[in-house]
Amino acid sequence: MKPVSMSASLTLIDGEVASQDLNTHGIMHGGRLMTICDEVGYLAACKHCGGHGLTRAAHRLRFHAPMNEGDPFSVKTQVTMTTRTTMWVNCSITSHGKQIMDAVFVYVAIDENLQPVEVPGLFAKTDNEKKMMRDTESLFSAVMAGEKIK
C-alpha cells in the first residue's frame, strides 16, 4: 500500500456553541467536546484509509479553557501516525484564538464484517508535521509501555 501524505487527512470544521451543548454551569460540556473531536477525527481517519473505522481509544484529552453559548469554535483533525490497522488522529479545538481542548483519538480501519484491515502508511512533509508525528510516536510508545499519560 502506498503511503499517504499527512496533509491529505487534514479536516477542518467550524461550529458554534448551542444551548443544548451547555452543562449545568452554563459552559460547553466536556463530553460534547469529546464527541465533536471523535466525529471530526473519524472524518480524518476515513480520508486516510479510504474506508470506515471504529474508535479504538482516546488519549491525552486536555481541557484548557471554557466556552460559552454562542462562542464560535474551530476543530482541526489530522492523522499523525499509523500502525498496521490503526490511525492516530490529533484533534484540536480553538475559539477566539485560544486553545480549548486537544486530544489524540485512535481509530481501527474495518471492512464490511467489522474486521480490522490494513491502512496506508503515512509520511510528513513539513517540519510541523514531522514534529506532530514524533510527538504521536512518543505517545504511542508511552501507551504501549503502560506509562501514565500526562
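Please find, among ALA103, ALA109, ALA142, the residue that is surrounded by 13 or more Cβ atoms within 10 Å (Cβ to Cβ), outside any strand (DSSP E or B) and small (Gly, Ala, Ser). So that I can check it myself, show each step before the final result.
Numbers: ALA103 fails: outside any strand (DSSP E or B); ALA109 fails: outside any strand (DSSP E or B).
Going through ALA103, ALA109, ALA142 in turn, just one is surrounded by 13 or more Cβ atoms within 10 Å (Cβ to Cβ), outside any strand (DSSP E or B) and small (Gly, Ala, Ser): ALA142.
For segment 59-74: of the residues being surrounded by 16 or more Cβ atoms within 10 Å (Cβ to Cβ) and aliphatic (A, V, I, L, M), which is nearest to the chain's Cα centre (by Cα)?
LEU61
Could you give every pair whose Cβ atoms fall below 6 Å, whose first residue belongs to segment 36-63 and is touching a residue at least 60 places away in the same chain (Cβ under 8 Å), and whose second residue is of a type in the set (Ser, Thr, Tyr) and crowded, with 16+ Cβ neighbours inside 10 Å, counting only separations of at least 6 or pairs across chains?
Correct list of pairs: GLY41/THR77; ALA45/TYR107; HIS48/SER9.
Give me a count of the residues in segment 75-98 that are more than 14 Å from the chain's Cα centre (by Cα) and charged (D, E, K, R).
Taking segment 75-98 first, the residues more than 14 Å from the chain's Cα centre (by Cα) are 83-85, 95-98.
Checking which are charged (D, E, K, R) leaves us with 84, 98.
Qualifying residue count for the region: 2.
What is the one condition in (1) surrounded by 12 or more Cβ atoms within 10 Å (Cβ to Cβ); (2) at positive phi that ASP38 does not satisfy?
Looking at each condition in turn, ASP38 falls short on (2).
Any read-out appearing in this document is the output of simple, stated calculations on the displayed coordinates, not a laboratory observation. As the structure is a computational prediction, the values presented were derived from the model and not from experiment. Note: ideal-geometry Cβ built from the backbone for every residue, glycine included; neighbour counts use all protein chains shown.
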